[in-house]
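No value in this document is a laboratory result; all are computed from the given coordinates. Because the structure is a prediction, the values reported are computed rather than measured. Here the Cβ positions follow ideal geometry from the backbone for every residue, glycine too, while neighbour counts run over all protein chains shown.
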Amino acid sequence: GAVVSQHPSWVICKSGTSVKIECRSLDFQATTMFWYRQFPKQSLMLMATSNEGSKATYEQGVEKDKFLINHASLTLSTLTVTSAHPEDSSFYICSARRDGTRNYGYTFGSGTRLTVV
Amino acid sequence: GDSVTQMEGPVTLSEEAFLTINCTYTATGYPSLFWYVQYPGEGLQLLLKATKADDKGSNKGFEATYRKETTSFHLEKGSVQVSDSAVYFCALSRGGNDMRFGAGTRLTVKP
């Protein structure tokens, strides 16, 4: 089955530093991947849509300069939280849509818990 | 725009009780509908899906039927187990675009 690997699963960083999160589709190609943010006991909020070979599409209210997305290959998208601050602490989850599918659901990574101290 | 409204929790049940989690949606056209489950500290796992009206998705004893007339996709299970304790998300997707999620319902099953 489709597997998405997200790394790291958790990270603690100091305020002002940058953190990179990787989302990798292990056994399928994904031109499109999605990045979500989840606050405690809340639903997933879409941050951006990552497209291989082109710029990401950000949702309204998401700072593109703070949350840098790179989708350099058909199997890898990265989210970099730049100059992280405590309010960026959250659970970040990526998902990938297998190329050639439309309505069969997406495969989610296991999430990354970011804590900024 | 598209949206999903999900029954608010938390829901606490005894083992072997019947489970219903309500989900209704608003969308143009014919979206695909999904239920995802999230165990503590983990990402989301697809539980079941339905891609057209009257389809019934089922998995691990869970079922949901795509009801276009009531724009609903309620999740049911006849006999819950302690291991079913998790957060359940209803979601929709149109034409391969991103998914829209409900708020999530936390289920706790007590022995």
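Side notes on the structure shown:
- Separation of the B:E15 and A:K66 label points, Cα + 7 Å toward Cβ, nm: 4.6 nm
- Separation of the A:E59 and B:D54 label points, Cα + 7 Å toward Cβ, nm: 3.5 nm
- Descending semi-axes in Å of chain A, equivalent ellipsoid built from Cα gyration tensor: 23, 14, 13
- Sorting A:L26, A:L114 by the number of Cβ atoms found within 10 Å of their own Cβ, with the fewest placed first, yields A:L26, A:L114.
- A straight line joining the Cα centroids of the stretch A:2-30 and the stretch A:56-97 runs 10 Å.
- For chain A, the relative contact order comes to 37 percent (Cα pairs under 8 Å, sequence separation of at least 6).
- Whole-percent pair-distance distribution, where bins are 10 Å wide, for the alpha carbons of the stretch B:32-109: 19, 53, 25, 3
- For B:G61, no residue has an amide H sitting under 5 Å from its own, ignoring neighbours fewer than 5 places away on the same chain, with H placed 1.01 Å from N.
- Here is the list for the stretch A:55-117: trypsin sites (Lys or Arg not before Pro) lying in DSSP coil, each with at most 15 other C-beta atoms within 10 angstrom of its C-beta, are A:K55, A:K64, A:K66, A:R102.
- Legend: calculated FRET efficiency, B:E63 to A:W10, from the Cβ-Cβ distance at R0 = 41 Å, rounded to 0.05, equals 0.75.
- Its residues counted as N, the protein assembly as shown yields a C-alpha radius of gyration over 2.2 N^0.38 Å of 1.02.
- Taking only the C-alpha atoms of the stretch B:1-67, the Rg (one decimal) and the largest Cα-Cα distance, Dmax (whole number), read 13.1, 39 Å.
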